[in-house]
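The values are calculated or read from the model by the stated rules, or taken from the named source; none is laboratory data. None of the values given here were measured: they were computed from a predicted structure. Here the Cβ is made from the backbone with ideal geometry for all residues, glycine too, and neighbour counts use every protein chain on show.
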Amino acid sequence: MKKQLANIISKTLIDIWNETPDENIEELIEKPKSSKHGDLAFPCFILAKNLKVSPVDVCTKIANKINESIETYDILDSVKSIGPFLNFSLSSSHLATDFIPKVISGDYLKRKQSKNEKVMVEYSQPNTHKAFHVGHIRCAALGDSLARVFDWEGFDVVPVNYIGDEGTHIAKCLWYLSEKYQGEIPEKNRGEFLGNLYTKANDLLDLSLLTKAPYPGVIAAEVKELVVHSKKQDWLVLTLATGEEQKTVVTALKDIKVGQLVAYAPPRTRVKGKAVGEVEKEGILSEGMVCSEKEIEVSSDNDKIALLPSNSNLGEEVAEIFKIDKSSESVLKIHEERKAELSKVLQAVENQKGELYDLWQTTKNWSLEEFEKIYKWLDCNFDRIFFESEFGESSKKAVNKFVEKGVFHKSDGAIGVDLSEDGLGFCLLIKSDGTSLYTARDLTLAEKKFEEFGVDRSLYVVDSGQKLHFQQVFKCLELMGFKQADKCKHVDFAQVVRPDGKMSSRKGNVILFSELKERLVSKINEEFLSKYKDDWPTDEIEETAYKISLATMRYGMLNQDNNSKIIFDLDEWTNRSGNTGPYLLYAYARIQSILREAKASDVEPDWSLLKDSHEKQLILHMQEFYDVVEKAANSYSLLPICVFVYELSKKFSKFYSECKVNDPSKVELTNARVGLLNATASVLKKGLELIGISVVDRM
């Protein structure tokens, strides 16, 4: 329709001004703010600028010229000028005759012509030895649906996964399994079982669960002398005795007295994630710091100095003074022993030999087997699965190759590149101990994508917390000379949270996939399908429950702006009358029910009978499908398609409430309306298919 209108406008410009427009008229045609003004509108501002005539005059002259021969344009009922806008009312019968047969034949909805561009979509990227939970579904749904959209748009799409199968989190899990776990290995949900072990390992390795003051190196010191700073009256200069030596500390904390025992952080300790050092303060060298109660976590008061019990020994660690179990041995000793055990596990896995390495391979397979089942349920597909362990050694070689080319630089055994001129800071690739970091591995993976798979465009569907990481990766790829670097795209998205806050595998407060699936399917059966228990075959009830459950999750995850945080609410997402997946499936099933009951004949429909405004709105909306899918691809978001299918479902509902489909006294009109509903069902089905939702014929 837009193309035909653009041709009419261009022809009229030539007739009046003998001018051929330079602008792409078709791209400027839009829906008017109010449907009362017409079906489509064209703003005349740009034409007016080129013609050196006011926009209103241009608009009026074009409208008058078109109206002189309006009967020659089958597409138009009328055209009128409203200020600087040309407003077109389209012919309902022409719309129907031109459009509906294309949909019914399948021509309108078939995959677009090949664009000869290969797009790799990397998505999901779970870690083995961690539980797959509801938050992971957003990435899986977004990545898989983008792959579907780009494929329909004519791109050669390669969907891939990049699984984290090594690292500290795995060592923690294996350490707990091999050293602490006493129970039986479950037969089902072994991936989630490993995730639970990881959570328990974190608890044992969390010093804050052993002591109220989890800061190694912070010790008890006695205030021996105290004077006011000569240049800053609100500062105190303290002389502290630690048992073996005395230190000078400048502080702004108040209510300190000689003889008190305070929490002292010497240089080279860390407090609240920051390194403590020696700092000159107005001519006096402050050797470390005295801590407030908040700084060592014994209270939330940041202005009150952390005073220690009078029976504390000078130099005694505050971690020991504030240990939770007073009867236990040294908490720091326990903590160091556990960390040493963990280090041995990590080293054994890295050396790729021995019982722990064998255990790593066995347990990794538990996770992979579970992932495979989950992806099947989610209807996510991959052409290739990469593993982080593939790129440990190869990434070191690749980075060193570009050190020789002068792209990256080595210093004290570490390798990196300064990207501060681009606002990206320093990018460390290889640590001084020879360990390759994530960035180095992503560079090697990207090189493999470009050279082995011939990728033209590479999409990374990863949460927004990795924004800086991918900015650095893409800049490094540019410096390495890969022309595809400017076609690498980080498709970022916000987190999924519970109504009561953020989920964390480390803290163990996630909604596990198995738990979600069980709750969801049970809820769908109870609220949607229980009434059909004695009428439908069991396998149909199970299949329908699955499809409604999947629609609930995929639509709930995709019907959001990528950058908007999602609050997961199962009751809201399963509402059959709201903006939900179940509502969309119900709309499709309702159309199928109407079609089964309709008394249509085999005679070719007379589409020109479809003149009702509700019929016209359905057709006009369906004609936006191409633009909507293209917008989804260009924005890397499925929200446009979600909005489209929801609005289509509402327009169908409005049409059906206002227009009688099955009217024995009007057989020809019944035929036409049956065709309209067939077209509506086809477009709705294709839109849902692109977001990974399979339709049901009844529910």
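The table for this structure:
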{"quantity": "Enumeration of residues in region 475-524 that are more than 17 Å from Gly191 (Cβ to Cβ), in contact (Cβ under 8 Å) with a residue 12 or more places away in the chain and of a type in the set (S, T, N, Q)", "calculated": "Gln484, Gln495"}
{"quantity": "Test set (1) within 30 Å of Arg554 (Cβ to Cβ); (2) modelled with pLDDT under 95; (3) not β-branched (Val, Ile, Thr) - Lys373 fails condition number", "calculated": "(2)"}
{"quantity": "Pairs, first over 7 Å from Gly191 (Cβ atoms) in region 366-377, second part of a helix (DSSP H, G or I), C-beta under 6 Å, six or more apart", "calculated": "Ile374/Phe513"}
{"quantity": "Matching residues in region 296-320 - criterion: being in a loop (DSSP other than H, G, I, E, B) and acidic (Asp, Glu)", "calculated": "Glu297, Asp301, Asp303, Glu316"}
{"quantity": "Selection count, region 583-603, where residues are touching a residue at least 60 places away in the same chain (Cβ under 8 Å) and more than 14 Å from Thr680 (Cα to Cα)", "calculated": "7"}
{"quantity": "Cβ-Cβ under 7 Å pairs, at least 6 apart or on other chains, region 206-219 side over 16 Å from Pro266 (Cα atoms), far side buried (at least 18 other Cβ atoms within 10 Å of the Cβ) and among the acidic types (Asp, Glu)", "calculated": "Lys212/Glu297"}
{"quantity": "Any hit, region 434-442, residues being among the polar types (S, T, N, Q) and in a helix (DSSP H, G or I)", "calculated": "yes"}
{"quantity": "Hits in region 80-133 - residues which are within 28 Å of Lys3 (Cα to Cα) and of a type in the set (Val, Ile, Thr)", "calculated": "Ile82, Thr97, Ile100, Val103, Ile104"}
{"quantity": "Test result for Ser564, out of contact with any His (no Cβ under 7 Å at 6 or more places or on another chain), over 22 Å from Leu677 (Cα atoms), in contact (Cβ under 8 Å) with a residue 24 or more places away in the chain and surrounded by 22 or more Cβ atoms within 10 Å (Cβ to Cβ)", "calculated": "no"}
{"quantity": "Where a residue in region 64-85 is touching a residue at least 12 places away in the same chain (Cβ under 8 Å) and under 16 Å from Lys36 (Cα atoms) and its partner, wherever it lies, is part of a helix (DSSP H, G or I) and among the charged types (D, E, K, R), with Cβ under 9 Å and at least six apart", "calculated": "Ser81/Lys61"}
{"quantity": "Enumeration of residues in region 91-138 that are outside any helix (DSSP H, G or I), without any contact (Cβ under 8 Å) to a residue 24 or more places away in the chain and either crowded, with 24+ Cβ neighbours inside 10 Å or among the basic types (Lys, Arg) (or both)", "calculated": "Lys110"}
{"quantity": "Of residues in region 321-342 being farther than 12 Å from Leu210 by Cα and touching a residue at least 40 places away in the same chain (Cβ under 8 Å), the one surrounded by the fewest Cβ atoms within 10 Å (Cβ to Cβ)", "calculated": "Lys339"}
{"quantity": "For Gly692: the one exception among (1) of a type in the set (Gly, Ala, Ser); (2) assigned to a helix (DSSP H, G or I); (3) on the phi > 0 side of the Ramachandran plot", "calculated": "(2)"}
{"quantity": "Residue list for region 258-278, filter: among the aliphatic types (A, V, I, L, M), in a strand (DSSP E or B) and in contact (Cβ under 8 Å) with a residue 12 or more places away in the chain", "calculated": "Leu261, Val262, Ala263, Ala265, Val271"}
{"quantity": "Residue in region 446-453 that is surrounded by 15 or more Cβ atoms within 10 Å (Cβ to Cβ), of a type outside the set (S, T, N, Q) and part of a loop (DSSP other than H, G, I, E, B) present", "calculated": "no"}
{"quantity": "Filter pass, Val667 being in contact (Cβ under 8 Å) with a residue 12 or more places away in the chain, aliphatic (A, V, I, L, M) and closer than 28 Å to Arg576 by Cβ", "calculated": "no"}
{"quantity": "Residue satisfying condition, being over 24 Å from the mean Cα position of the chain (by Cα), farther than 27 Å from Ile29 by Cα, crowded, with 18+ Cβ neighbours inside 10 Å and not polar (S, T, N, Q), within set Ala545, Ala598, Ala551", "calculated": "Ala545"}
{"quantity": "Unique match (being more than 51 Å from the chain's Cα centre (by Cα), assigned to a strand (DSSP E or B) and in contact (Cβ under 8 Å) with a residue 60 or more places away in the chain) among Glu244, Glu222", "calculated": "Glu222"}
{"quantity": "All positions within region 467-525 that are aromatic (Phe, Trp, Tyr) and surrounded by fewer than 20 Cβ atoms within 10 Å (Cβ to Cβ)", "calculated": "Phe470"}
{"quantity": "Every residue from region 534-561 that is touching a residue at least 40 places away in the same chain (Cβ under 8 Å), of a type outside the set (S, T, N, Q) and under 16 Å from Val134 (Cβ atoms)", "calculated": "Leu550, Ala551, Met553, Arg554, Tyr555, Met557, Leu558"}
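To keep it simple, each residue is scored yes or no on (1) more than 16 Å from the chain's Cα centre (by Cα); (2) modelled with pLDDT of 95 or more; (3) farther than 30 Å from Tyr555 by Cβ.
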| residue | (1), (2), (3) |
| --- | --- |
| His133 | no, no, no |
| Asp144 | no, yes, no |
| Glu153 | yes, yes, no |
| Trp175 | yes, yes, yes |
| Asn189 | yes, no, no |
| Asp203 | yes, no, yes |
